[in-house]
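Asker: Dropping a structure here in structure tokens format, bear with me for questions.
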Amino acid sequence: MTADSAARTATVDAEMIRGMTWDAVIYTLTRPLAVIAYTALIAAFVVNAIVLGMVGGADQEQTTTLTWTMVAIAALIVASIIFTRASTRRAISTTMPSGSVVRVELGDESIKMVSKSGVSDVAYSTFRSVHVGRYAALLRLRGTSVVTVVPRILLSDDDVARLKSRVKSTN
């Protein structure tokens, strides 16, 4: 959107929330620290499985401990993904509840977003990076792992390119 164009608006629905949630969850779970953490958990699971195979049924107490350890590791992986999804969905639904109208304006120096939670006018220099998914544009704040979610439907391809260039030029 150019500085002199009208703002784009959209009415949020359940499908939009679901899509933005999954874009944000996938982004979160593919950050380097998350990849390292999940790789470590999977490695621990595999090591437990190998040791369990080596022990066989020889030592019942050790077999039971290794089995429960594998169950705990698997549960931890699944629970963390479910928790990430639930907290992301709650944050998006609180800011942009189903049925509400959201608006985005790309200015020369900032992005302005209007939603049920209010108006935010944030300078491009506040953002560290932009990641665009199918349903959401995720703007990562400097110095944190926090992202601002913008419905992708509100941004044309030109808007995305402009947003990326503005954020990149301030880094």
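Asker: Collect the residues in region 116-139 that are open to solvent by 80 Å² or more (accessible area, probe 1.4 Å) and without any contact (Cβ under 8 Å) to a residue 40 or more places away in the chain, keeping them in residue-number order.
Answerer: Across region 116-139, the qualifying residues are Lys116, Ser117, Val119, Asp121.
Asker: Follow-up question, since we're still on this one. Considering only residues that are farther than 30 Å from Leu138 by Cα and of a type in the set (Phe, Trp, Tyr), look in region 25-68 and name the one that is least open to solvent (accessible area, probe 1.4 Å).
Answerer: Restricting to residues being farther than 30 Å from Leu138 by Cα and of a type in the set (Phe, Trp, Tyr), the top hit is Phe45.
Asker: Just one of Val25, Val119 is of a type in the set (Val, Ile, Thr), at pLDDT 95 or above and within 30 Å of Asp157 (Cα to Cα); which is it?
Answerer: Exactly one of Val25, Val119 is of a type in the set (Val, Ile, Thr), at pLDDT 95 or above and within 30 Å of Asp157 (Cα to Cα), namely Val25.
Asker: Take the conditions touching a helix residue (DSSP H, G or I) at 6+ places or on another chain (Cβ under 9 Å) and polar (S, T, N, Q) and apply them to Ser87. Does it pass?
Answerer: The answer is no for Ser87.
Asker: Quick one: how many residues across region 69-105 are open to solvent by less than 40 Å² (accessible area, probe 1.4 Å), under 30 Å from Leu52 (Cβ atoms) and among the hydroxyl-bearing types (Ser, Thr, Tyr)?
Answerer: Adding up the residues that qualify gives 2.
Asker: Quick test for you: out of Lys112, Lys164, pick the one residue that is within 18 Å of the chain's Cα centre (by Cα) and surrounded by 14 or more Cβ atoms within 10 Å (Cβ to Cβ).
Answerer: Exactly one residue qualifies, and that residue is Lys164.
Asker: Can I ask one more? With the condition being touching a Pro at 6+ places or on another chain (Cβ under 9 Å), under 21 Å from Arg18 (Cα atoms) and β-branched (Val, Ile, Thr), I'd like the strands (runs of 3 or more DSSP E) fully within region 94-169 carrying at least 2 qualifying residues.
Answerer: Strands (runs of 3 or more DSSP E) meeting the threshold: 101-106.
The values are calculated or read from the model by the stated rules, or taken from the named source; none is laboratory data. Owing to the predicted nature of the structure, the values given are computational and were not obtained by experimental measurement. Cβ: placed from backbone, ideal geometry, glycine included. Neighbour counts: every protein chain shown. For the accessible areas, the whole protein counts, side chains as well, though only heavy atoms, and no ligand, DNA or RNA atoms are used. Shrake-Rupley method; radii C 1.70, N 1.55, O 1.52, S 1.80 Å.
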